[in-house]
Amino acid sequence: QLQPVESGGGLVQPGGSLRLSCTASGFTLALYAIGWVRQAPGKEREAVSCIGMNGRDTKYGDSMKGRFIISRDNTKNTVYLQMNSLRTEDTAVYYCAAFPNCARYPNRNFGSWGQGTQVTISS
């Protein structure tokens, strides 16, 4: 099953930082672009970021630009999402999935979204 696993969520104060990880289980992450979305209760799913297969092509949602950094380490079969200057409105469950490329993100993913990791920003 082409389903990654998210980790790294938790509770942090506004202005804090958190690093999420998206790891592969049973497939090679390096063969795909990887995208993140988030969903807060009662709100629509929102695109967060995507990184191309080669690690050079990146996309960010408007509210994430300048605060979030996506990267990948293919030797560790992992994509990272570094989140800085966190705001209460960043509170959501964060999911990742594989894509053929970031042009197909966030709607045309391969396989399944992961189970998600909870990020809570609160004072």
(request) Determine how large the accessible area of Met83 is when every protein chain is in place; take a 1.4 Å probe and give Å² rounded to the nearest 10. (result) 0 Å²
(message) What does DSSP give for the chain in terms of the percent of beta bridges that are antiparallel, rounded to the nearest 5?
(response) 90 percent
(message) Out of the total accessible area of the chain (probe 1.4 Å, heavy atoms of protein only), what percent is carbon and sulfur?
(response) 45 percent
(message) Please list, in order along the stretch 9-24, the HN-Hα scalar couplings obtained from phi with the Karplus expression 6.51 cos²θ - 1.76 cosθ + 1.60 (θ = phi - 60°), rounded to whole Hz, x for Gly and Pro.
(response) x, x, 10, 9, 7, x, x, x, 10, 8, 10, 9, 10, 10, 10, 8
(request) Once you've got the GNM for the chain with C-alpha springs shorter than 10 Å, pick whichever of Lys59, Lys43, Lys76 has the biggest mean-square fluctuation. (result) Lys43
(request) Write down the accessible area per residue of the chain in Å², having rolled a 1.4 Å probe over the full set of protein chains. (result) 51 Å²
(message) Can you classify the chain as rounded, prolate or oblate using the Cα gyration tensor, where a ≥ b ≥ c are the square roots of its eigenvalues, rounded means a/c under 1.5, and otherwise it's prolate if a/b beats b/c and oblate if not?
(response) prolate
(request) Apply the Karplus parameterisation 6.51 cos²θ - 1.76 cosθ + 1.60, with θ equal to phi minus 60°, to every residue of the stretch 49-65 and state each ³J(HN,Hα) to the nearest whole Hz, in sequence, with x for glycine and proline. (result) 6, 9, 10, x, 4, 7, x, 9, 8, 9, 9, 9, x, 4, 6, 9, 4
(message) Sorting check: for 96-104, 24-32, which peptide has the highest mean count of neighbouring beta carbons within 10 Å, and how do the rest follow?
(response) 96-104, 24-32
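The values are calculated or read from the model by the stated rules, or taken from the named source; none is laboratory data. Because the structure is a prediction, the values reported are computed rather than measured. Note: ideal-geometry Cβ built from the backbone for every residue, glycine included; neighbour counts use all protein chains shown. What goes into the accessible areas is simple: the full protein's heavy atoms, side chains included, and nothing from ligands, DNA or RNA. Shrake-Rupley method; radii C 1.70, N 1.55, O 1.52, S 1.80 Å.
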